[in-house]
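S.K.: Sharing a structure below in structure tokens format, with a few things to ask.
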Amino acid sequence: MKKAIAMLLAGVMTLSLTACSGNTASETNSGTGENNAAGSTAAVQESTTSQGGEGGEAENGEVVEITVQSWQYALGNYKGFTEDDELTQAIADEFNATHPGIHATVKIMRQEDHYNALKVDFAAGSAPDVIGIAPGADLEQYKSQLAPLADYASQDLGEDWQDKFTEASFTTIKLSGDEIYAFPSAMSAAGTVWYNNKLMTENGVESFPATWEELQTAAQTLRGAGQIPLMFGGKDNWQNYDMFITIMATINKDLCNGIFALENEWTESDVVKAFDYYQKLFTDGIVQDGALSTTLYNEGYSQWKDDDGNSTIPMIFNGSWDMGSLKAENSFYENFSSNDIKVATMPSIEGKPGAVLTAPDVAWGVNANSANKEAAWEFVKWLCYDMQQEVVDGLGFFSVLKDAPSPTVDLTDDYKAAYDVISAAAASDNTVGFRSSFYTKLNDALFDQLQLLGTGAATPEEAAAAMAEAAAGISK
């Protein structure tokens, strides 16, 4: 791909997730509601097993040792494990038991500790064989120290291996250049609307709005009934990015990709139109009064669901990570589910269906200087291809494969319904694979312009011109 776009678009998570992968300095809590479960763990968790797997040793009698390091596994509660040390042990045990001749030692640590350790270990020549890496700025920083993986994939998965994966799962990875330096293991989805169907119907909205015009009407109906319309965390940079990119991608997905990659002009008419629709959220009363001074977590979300499962607002702009609230084991589930909780993509704009933002929560690379690159690739392939059933069974994440397996674990009907809606959207062509730009200056400028649009201090044309000026000042 052209050198001019070697600097890439960052996948934020979220999925922490939400939000959940490498955040820019201005996005310390980058908006996936699940955040980084592993990121809150102060101590490093390390797991290994005493043997090289049930199959025993390799043909030559030796076991190849590899080390794996990351800040999270993007596998939800894999096999029922939720604690970092238990999850780490389960991953190591499963891989080692099914890969005779290879023995993996797996480490999981705080995200910042992981990247700080990589800097030291790469310099010392002692970096892990397999490395968890956030697609985007982090991949760009470390790609010169990672091995290209496309040849491995072609050999093991076939020459058509790229056709097996969803387009969005590799968007930011492919923008890193002509080589594939990492493989994604799981996806989260942002840009969706969760709604309390009981509260909606009780207040005069019989079904979720299918079009933008119906959304405007529904908002006014809810306001007339004394209800908050769409809860939006307009104080959060991640909520603003998710909302604008969702609108922009719905109007023109290719142009959305182009402006964030600095390949297209921010002054193009469809960009101005997207800014106009964003401003209408405020001028038409679609989002709540005071949205620009509201953070979603926990100011807005506490009204959507409190600790007892009470919900007092009809709609909230959020992502796939909220599926966790629909698990039967939650103490609040019975009360919360009585509201008939559902999820939908944003309403269509001018006949175009609402887009969703899907991005890998973590990708996996192989150390270019590893003495055991083939064994390291086996771990990457296992996690990113062979283990996709465990990804969807982990709850809260989606497969990177087009032909994604269906969950085999017991789920509530509410969870199944939400999963079906979001997974179908995530597997469709109507997605973009990022939730912000790689360029900090562009992100900062976009947040500023969206705030100005929300207050009426800028017009859509002025916002577009300001973004063009910011983009022009970025070195490609």
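S.K.: If you check every pair at least six apart or on different chains, which have Cβ atoms under 6 Å apart with a residue in the stretch 355-382 that is open to solvent by less than 10 Å² (accessible area, probe 1.4 Å) and part of a helix (DSSP H, G or I) first and a residue that is modelled with pLDDT of 95 or more and of a type in the set (D, E, K, R) second?
M.R.: Cβ pairs passing all conditions: Ala376/Asp129.
S.K.: Out of the helices (runs of 4 or more DSSP H) lying entirely within the stretch 184-301, which hold 3 or more residues that are open to solvent by less than 10 Å² (accessible area, probe 1.4 Å)?
M.R.: Once the helices (runs of 4 or more DSSP H) in the stretch 184-301 are filtered for at least 3 residues that are open to solvent by less than 10 Å² (accessible area, probe 1.4 Å), what remains is 212-224, 237-251, 253-260, 269-283.
S.K.: Could you list all residues from the stretch 131-157 that are touching a strand residue (DSSP E or B) at 6+ places or on another chain (Cβ under 9 Å), of a type in the set (Ser, Thr, Tyr) and within 19 Å of Lys119 (Cβ to Cβ)?
M.R.: Answer for the stretch 131-157, where residues must be touching a strand residue (DSSP E or B) at 6+ places or on another chain (Cβ under 9 Å), of a type in the set (Ser, Thr, Tyr) and within 19 Å of Lys119 (Cβ to Cβ): just Tyr142.
S.K.: Which number in (1) of a type outside the set (A, V, I, L, M, F, W, C); (2) under 20 Å from the mean Cα position of the chain (by Cα); (3) surrounded by fewer than 24 Cβ atoms within 10 Å (Cβ to Cβ) marks the one condition that Asp413 misses?
M.R.: Exception for Asp413: condition (2).
S.K.: Here's something else I'd like to know. Pairs only if they're at least six apart or on different chains, beta carbon under 8 angstrom, first in the stretch 195-224 and at positive phi, second surrounded by fewer than 16 Cβ atoms within 10 Å (Cβ to Cβ); list them, first residue then second.
M.R.: Taking only residues 6 or more apart or on different chains, the pairs are Gly204/Gly224; Gly204/Ala225.
S.K.: Read through the list (1) part of a helix (DSSP H, G or I); (2) farther than 16 Å from Gln239 by Cβ; (3) of a type in the set (A, V, I, L, M), then give the number of the only condition that Val343 fails.
M.R.: If we test Val343 against (1) part of a helix (DSSP H, G or I); (2) farther than 16 Å from Gln239 by Cβ; (3) of a type in the set (A, V, I, L, M), just (1) comes out false.
S.K.: Moving on to the next point. Which members of the stretch 256-309 meet the condition of being aromatic (Phe, Trp, Tyr) and either farther than 30 Å from Met323 by Cα or more than 25 Å from the chain's Cα centre (by Cα) (or both)?
M.R.: Trp266, Phe282 - these are the residues of the stretch 256-309 that are aromatic (Phe, Trp, Tyr) and either farther than 30 Å from Met323 by Cα or more than 25 Å from the chain's Cα centre (by Cα) (or both).
S.K.: Can you name the residue in the stretch 303-353 that is basic (Lys, Arg) and out of contact with any strand residue (DSSP E or B) (no Cβ under 7 Å at 6 or more places or on another chain) and is also least open to solvent (accessible area, probe 1.4 Å) among such residues?
M.R.: Lys305
S.K.: Follow-up question, since we're still on this one. Here is a list: Val421, Val432. Which entry is among the β-branched types (Val, Ile, Thr) and within 20 Å of Leu262 (Cβ to Cβ)?
M.R.: Val432
S.K.: Would you kindly identify the helices (runs of 4 or more DSSP H) lying entirely within the stretch 387-473 that contain at least 1 residues that are in contact with a helix residue (DSSP H, G or I) (Cβ under 8 Å, 6 or more places away or on another chain) and at pLDDT 95 or above?
M.R.: 413-427, 440-455, 460-472
S.K.: A follow-up question, please. Looking at (1) within 25 Å of the chain's Cα centre (by Cα); (2) over 22 Å from Thr221 (Cα atoms); (3) part of a helix (DSSP H, G or I), can you tell me which one Asn335 breaks?
M.R.: Here Asn335 clears every test but (1).
S.K.: What are the residues in the stretch 383-410 that are open to solvent by less than 50 Å² (accessible area, probe 1.4 Å) and among the hydroxyl-bearing types (Ser, Thr, Tyr), if any?
M.R.: Within the stretch 383-410, Ser399 is the sole residue that qualifies.
The values are calculated or read from the model by the stated rules, or taken from the named source; none is laboratory data. This is a predicted model, so every value here is computed, not measured. Positions of Cβ are backbone-derived with ideal geometry, glycine not excepted, and every protein chain shown enters the neighbour counts. Keep in mind that these areas ignore ligands, DNA and RNA; they rest on the heavy atoms of the full protein, side chains included. Shrake-Rupley method; radii C 1.70, N 1.55, O 1.52, S 1.80 Å.
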